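The values are calculated or read from the model by the stated rules, or taken from the named source; none is laboratory data. Everything numeric in this text was worked out from a predicted model, so none of it was measured. Note: ideal-geometry Cβ built from the backbone for every residue, glycine included; neighbour counts use all protein chains shown.
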Amino acid sequence: MRNRSSREEILRFLLVGSSTVLVDLAIYIVLLTWLNPSTAKGISFICGTIYAYQANRLWTFSSGSGSLLQVVKFSAVYGFNLAVNVSLNAVVLSLLAQLTGRLGQLNTLIAFIIATGVSAVLNFLGMKFFVFKKA
């Protein structure tokens with residue numbers, strides 16, 4: 001198996017991340033037909049996470065066969081980054097509200113982009129150097 005450059009891994013990671021969002025959204029929309037929004041979102045998030053694990057393991061990082069330890073590490077990285085994303089979003093929203101005196105759509109978008117960007121970088125680093133690191 002040839003080693004990929006970090007640039008190629010980053011591009012593949014971004015493609016997997018984008019398609020993960022689409023998988024999550026598509027499943028969420030379908031499930032809304034039968035389930036309440038919270039249940040539908042929980043199931044769609046889990047499906048997206050399973051997709052992200054498989055796509056990153058097989059395509060982004062070419063990690064071969066998965067193991068229980070790898071799944072646990074992946075879950076830990078995703079769980080940690082979920083907490084970082086939600087916390088950072090709240091902090092940035094609060095700071096922007098204090099600076100501008102209001103909580104508008106622009107502030108919400110800025111906070112979302114910052115939180116998502118930071119958690120995406122942390123997800124990539126966690127997967128590359130912790131979950132799917134080469135032996």
* To do: Take the stretch 53-109 and flag every residue that is closer than 21 Å to M127 by Cβ, assigned by TED's automatic domain parsing to the domain that holds F132 and among the charged types (D, E, K, R).
  => K73
* Filter the stretch 115-135 down to residues that are surrounded by fewer than 18 Cβ atoms within 10 Å (Cβ to Cβ) and either on the phi > 0 side of the Ramachandran plot or in a helix (DSSP H, G or I) (or both), then give me how many there are. => 9
* Is the stretch 56-74 home to any residue that is closer than 19 Å to K133 by Cα, crowded, with 16+ Cβ neighbours inside 10 Å, in contact with a Gly (Cβ under 6 Å, 6 or more places away or on another chain) and not small (G, A, S)? -> yes
* Restricting attention to the stretch 53-64, does a residue exist that is over 19 Å from G17 (Cα atoms) and not acidic (D, E)? -> yes
* What number goes with the only condition from (1) in contact with a helix residue (DSSP H, G or I) (Cβ under 8 Å, 6 or more places away or on another chain); (2) at pLDDT 90 or above that G66 does not pass? -> (2)
* Selected residue (criterion: nearest to S5 (Cα to Cα)) from residues of the stretch 35-63 that are aliphatic (A, V, I, L, M) and in contact with a helix residue (DSSP H, G or I) (Cβ under 7 Å, 6 or more places away or on another chain) -> A55
